[in-house]
Amino acid sequence: MNEHLLMLGRFVRSPRTVGAVAPSSRALAAEMVRGLDLSGRTTVVELGPGTGVVTRAIAATLGPEAHALAIDVEPAFVASIAARYPRIEAVCASAADLSSLLRARGTFPADHIISGLPFASLPGEVTTSILDAIGASLRPGGTFTTFQYLNGYPTPLAGTFRQAMTARMGSGPARRVVWRNIPPAFVLRWRHQ
Ligand SMILES: C[S@@+](CC[C@H](N)C(=O)[O-])C[C@H]1O[C@@H](n2cnc3c(N)ncnc32)[C@H](O)[C@@H]1O
């Protein structure tokens, strides 16, 4: 309940940045990390962790040698994640700064990038700079995972986003549906060619 109140409160203050009134479901979070190998010396990045429902799923499968970075612009979310998930490095920054954040830690390029960013409501130029940063920060063979709600999936904006991501990744995404979320969502995963 605390997580729901925190998300709702931040949404009221910054609706376009937070982009959702409630956290994703555990079912959606589980699907976001399903199939990712986070053992070994893996670097996994979460963009826009919010209240941390996907962070929890990442932490549950993170191997002892893996490095996990969670990046959010909202200080209250970052503080909450830092307090609850000591194995995850929580950073208050923009996702557009991804490359320099990874280089500063010696973990560039990343193996997996997982995003809960509200691309549908972010300004277009912010989305473009974040997509550029993702494309530049993922190793060949690495994955980028995000979700789009079923009701927004057919819209031109959502289609333009998928095309822009595909252009940077070199091939289209795999798609899986998660019904147990409000609203239901497609989880999309690209593999960087
Ligand atoms: C819809 S919430 C997603 C929360 C969580 N991943 C989930 O699925 O419940 C979007 C998050 O993206 C963050 N965010 C928005 N713009 C950002 C940016 N440029 N860089 C990093 N985080 C950003 C917001 O602060 C918010 O925590």
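Which residue is farthest from R41 (Cα to Cα), if the candidates are limited to the stretch 98-117 and must be within 11 Å of the ligand (Cβ to nearest atom) and not in a helix (DSSP H, G or I)?
L117
Across the stretch 147-169, the number of residues qualifying as outside any helix (DSSP H, G or I), without any contact (Cβ under 8 Å) to a residue 60 or more places away in the chain and closer than 23 Å to A29 by Cα comes to 7.
Within the stretch 171-183, residues that are on the phi < 0 side of the Ramachandran plot and touching a residue at least 40 places away in the same chain (Cβ under 8 Å) reach partners that are among the aromatic types (F, W, Y) and assigned to a strand (DSSP E or B) with beta carbons closer than 9 Å, at six or more positions or on different chains, in the pairs R176/F186; V178/F147; V178/F186; N181/F147; N181/Y149.
Residues of the stretch 61-75 that are open to solvent by 30 Å² or more (accessible area, probe 1.4 Å) and within 15 Å of the ligand (Cβ to nearest atom): V73, P75.
If you check R139 against the conditions, is it open to solvent by 50 Å² or more (accessible area, probe 1.4 Å), part of a helix (DSSP H, G or I) and closer than 26 Å to S100 by Cβ? Outline the logic, then answer.
Details: open to solvent by 50 Å² or more (accessible area, probe 1.4 Å): yes; part of a helix (DSSP H, G or I): no; closer than 26 Å to S100 by Cβ: yes.
For R139, the condition - open to solvent by 50 Å² or more (accessible area, probe 1.4 Å), part of a helix (DSSP H, G or I) and closer than 26 Å to S100 by Cβ - is not met.
When S94 is tested against (1) more than 13 Å from the chain's Cα centre (by Cα); (2) open to solvent by 30 Å² or more (accessible area, probe 1.4 Å), exactly one condition is not met: (1).
Considering only residues that are surrounded by fewer than 18 Cβ atoms within 10 Å (Cβ to Cβ) and not in a helix (DSSP H, G or I), which ones fall in the stretch 76-90? Scanning the stretch 76-90 gives P86, R87, E89.
Mind checking whether some residue in the stretch 165-182 is at pLDDT below 95 and not aromatic (F, W, Y)? Yes, the stretch 165-182 has at least one match.
The values are calculated or read from the model by the stated rules, or taken from the named source; none is laboratory data. Every value quoted in this text rests on a predicted model; they were computed, and no experiment measured them. Ideal geometry is used to build each Cβ from the backbone, glycine not excepted, and the neighbour counts take in all protein chains shown. For accessibility, only protein heavy atoms count, side chains too; no ligands or nucleic acids. Shrake-Rupley method; radii C 1.70, N 1.55, O 1.52, S 1.80 Å.
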